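The values are calculated or read from the model by the stated rules, or taken from the named source; none is laboratory data. None of these values were measured; they are calculated from a predicted model. Positions of Cβ are generated from backbone atoms using ideal geometry, with glycine treated the same way; all protein chains shown enter the neighbour counts. Note: areas computed on protein heavy atoms with side chains; ligands, DNA, RNA excluded. Shrake-Rupley method; radii C 1.70, N 1.55, O 1.52, S 1.80 Å.
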Amino acid sequence: QVQLVESGGGDVQPGGSLRLSCAASGFTISAYDMSWYRQAPGKERELVATIRKYADTTNYDGSVKGRFTISRDNAKNTLNLQMNSLRPEDTAVYFCQAIHPLLGRAYWGQGIQVTVSS
């Protein structure tokens, strides 16, 4: 059974750090492009960061570039997002996504809350 499960979210002070993880089962993430998305109340879901299958090429939204780092641990079949220098505007539900680069097959996690407040 294909599944993506996010963990590591919670409440943090501005300027703090969190590390999100997304554990995959039922497929091997090394064969997929992997991404983190986020959605705040009343806002559209937005792409935060992507790490591609080929050469582990990464892309970041301008609002998080330099603060967030996306990575994958293929041995653990897990996607990670290290979030530093967090701001209140980073508050959102964060989702991990896997998409096959050729077939377009996509899988989503259920999402995890990140709240940045003083």
Tell me which of 5, 93, 74 sits at the most positive position along the dipole axis of the chain, charges placed on C-beta atoms (Lys, Arg +1; Asp, Glu -1).
74
Figure the gain on full extension for residue 59 and residue 75 (residue separation times 0.36 nm, minus the Cα-Cα span) and round it to one decimal in nm.
3.5 nm
Just tell me which lysines come within less than 19 Å, Cα to Cα, of residue 76; anything on the same chain fewer than 8 places away is out.
53
Carbon and sulfur %, accessible surface of the stretch 65-106 computed with the full protein complex present, 1.4 Å:
49
Treating every alpha carbon of the chain as one equal point scatterer without solvent, the Debye formula yields log10 I(q)/I(0) values at q = 0.10, 0.17, 0.18, 0.22 Å⁻¹ of -0.27, -0.78, -0.87, -1.27
In whole Hz, what ³J(HN,Hα) sequence does the stretch 90-103 give by Karplus (6.51, -1.76, 1.60; θ = phi - 60°), x for Gly and Pro?
7, 4, 4, 8, 9, 10, 9, 9, 10, 9, 6, x, 9, 8
Counting Lys and Arg as +1 and Asp and Glu as -1, each charge on the Cβ, what is the dipole of the chain about the Cα centre in debye, to the nearest 20?
180
Label-point gap, in nm, between residue 46 and residue 82 - each point 7 angstrom along Cα→Cβ
2.3
